[in-house]
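Undergrad: Let me give you the structure first, and then I'll get to my questions.
The values are calculated or read from the model by the stated rules, or taken from the named source; none is laboratory data. What you are looking at is a predicted structure, and each value in this text was computed from that prediction instead of being measured. Positions of Cβ are backbone-derived with ideal geometry, glycine not excepted, and every protein chain shown enters the neighbour counts.
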Amino acid sequence: MSRGARRSRAWPALLLLALAATPAHAHVEKGQAAGFLAGLHHPISGLDHVLAMVSVGLWGAQLGAPAVWLLPVTFPMVMACGGFLGLIGVPLPGVEIGIALSAILLGLMVALEARPPLGLAAGLVGIFAIFHGHAHGTELPPGQSGLTYSIGFVVATGLLHATGIAIGLVHRWRLGAIAIRVAGALVTAAGLVFLWRAVT
Amino acid sequence: MRRLVSALAIGLAAVLLPARADAHLVTTGLGPVYDGIGHLLASPEDLVPAIALALYAGLRGASGGRRALLLLPLAWLAGGLIGLRAPVTFPFPLGAVSFMVLGVLVATDLALPGGAVAALAVALGLAFGFENGAALAVAGGGARNLIGIAAALFVVVALVSAFVVALERPWKRIAVRVAGSWIAAVGLLLIGWSLRGAR
């Protein structure tokens, strides 16, 4: 059989394959609520995550508009990118170190009340978000819904930022601003402990 | 060149290969219309994109909200009626992609031309309605379930888009955009789950 004849037979077969419908299949969804709760619980299950994410909110509150909403928008989006990389199997070395560094540097930004250009602040938050997403976005407990787990995970992260922003509202008062900077220093100190644990 | 074309054709065929339609069954005991209402409200994979579209339509103003309010349920119903006769589903993660696209639109508050909201509503309605109809066909459901879904959609879109249209303070509109970023983030994770084959 010539190559042309083989090709002329291959195309209809390919078309048939593409159009071949398989039967529909009904099933009962499982693990919806459990998946949501697991996702909701995950970001608050580790102090390193909690401190870093609350720090994002605190820093945003210090910087004011538009950073106060740009940073919390940036973090979940880039965190999802980190989770995506983890889900498709792209390795990310030094995840725990990266998470510890996020607490150190974000805490330092809050403690110093640093005011870098908006792009730099968003970039800093985004880089660390990748580590957080990679570490925790992929740990779906067996038998639970990936969709509701993801919703819970993102909602919890966003609520942690909102908590930071809400706490940061005291920044308008002088004592409040000092208290936030002290809180930032404490986050940095905690980050150093996390880093010590990660490297030893 | 021919090898490249052949490889692309095979890849396209693999992507277009129809998959099985899956449905989860919501039985309220009150009849198929209420089952349809229950289905939408208990299905985040359907409900969240509808809410995201309503958020975006609301951000585009009252005219955008009105377009989505009418077109989304009608297109969903039409797609569902087609799907009832063709029980197959899309071979790509429709939900995840819609989460991503609509979430980014809401987060960026992108000012698309006036007809874009209508086009989005029709596309979303036809696609999701088709999937719902295909799944209902094998689950023993029918047009009355679809009527319930469309009715619930009408209420959801009306409430959500009207809520957003009524927002006047800038920070409240920003809160809507933050919600959009969350939806987009969930969409990206869902694409990851799809590629990983977790579900």
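Undergrad: If you go through the range A:128-152 one residue at a time, how many are within 24 Å of A:LEU195 (Cβ to Cβ), at pLDDT below 85 and touching a Gly at 6+ places or on another chain (Cβ under 7 Å)?
TA: Residues that pass the stated criteria total 2.
Undergrad: Further, regarding this structure: Report whether or not B:LEU40 is within 8 Å of another protein chain (Cβ to nearest Cβ), in contact with a helix residue (DSSP H, G or I) (Cβ under 9 Å, 6 or more places away or on another chain) and either modelled with pLDDT under 85 or crowded, with 17+ Cβ neighbours inside 10 Å (or both).
TA: Judged against the criteria, B:LEU40 is not a match.
Undergrad: Let me ask something else about it. Out of the range A:145-179, which residues are under 23 Å from the mean Cα position of the chain (by Cα) and of a type in the set (Gly, Ala, Ser)?
TA: A:SER145, A:GLY146, A:SER150, A:GLY152, A:ALA156, A:GLY158, A:ALA162, A:GLY164, A:ALA166, A:GLY168 - these are the residues of the range A:145-179 that are under 23 Å from the mean Cα position of the chain (by Cα) and of a type in the set (Gly, Ala, Ser).
Undergrad: Here are some residues: B:ALA54, B:ALA62. Which one is within 11 Å of the chain's Cα centre (by Cα), more than 11 Å from every other protein chain (Cβ to nearest Cβ) and closer than 29 Å to A:THR74 by Cα?
TA: B:ALA54
Undergrad: Pull up the range A:168-181, narrow it to residues that are modelled with pLDDT of 90 or more and β-branched (Val, Ile, Thr), then point me to the one that is surrounded by the most Cβ atoms within 10 Å (Cβ to Cβ).
TA: Here the answer is A:ILE180.
Undergrad: Being under 27 Å from A:ALA166 (Cβ atoms) and surrounded by 15 or more Cβ atoms within 10 Å (Cβ to Cβ) is the filter here, so list the residues in the range B:147-161 that pass it.
TA: B:VAL160
Undergrad: Helices (runs of 4 or more DSSP H) wholly in the range B:101-199 with at least 1 residues that are at pLDDT below 85 and in contact with a His (Cβ under 8 Å, 6 or more places away or on another chain) - which ones?
TA: B:114-139
Undergrad: Can you name the condition, by its number, that B:VAL155 falls short on among (1) touching a residue at least 24 places away in the same chain (Cβ under 8 Å); (2) over 19 Å from A:VAL68 (Cα atoms)?
TA: (1)
Undergrad: Does the range A:180-194 include one or more residues that are within 11 Å of chain B (Cβ to nearest Cβ) and under 20 Å from the mean Cα position of the chain (by Cα)?
TA: No, the range A:180-194 contains no residue that is within 11 Å of chain B (Cβ to nearest Cβ) and under 20 Å from the mean Cα position of the chain (by Cα).
Undergrad: If I filter the range B:65-115 down to residues being within 14 Å of the chain's Cα centre (by Cα), small (Gly, Ala, Ser) and closer than 21 Å to B:ALA162 by Cβ, which single residue comes out as surrounded by the fewest Cβ atoms within 10 Å (Cβ to Cβ)?
TA: B:ALA75
Undergrad: Further question: What residue, of B:TRP193, B:TRP182, is surrounded by 19 or more Cβ atoms within 10 Å (Cβ to Cβ), over 16 Å from A:GLY158 (Cα atoms) and facing another protein chain (nearest Cβ under 7 Å)?
TA: B:TRP193
Undergrad: Would you check if there is a residue in the range B:135-146 being more than 14 Å from every other protein chain (Cβ to nearest Cβ), touching a residue at least 60 places away in the same chain (Cβ under 8 Å) and crowded, with 24+ Cβ neighbours inside 10 Å?
TA: Yes, some residue in the range B:135-146 is more than 14 Å from every other protein chain (Cβ to nearest Cβ), touching a residue at least 60 places away in the same chain (Cβ under 8 Å) and crowded, with 24+ Cβ neighbours inside 10 Å.
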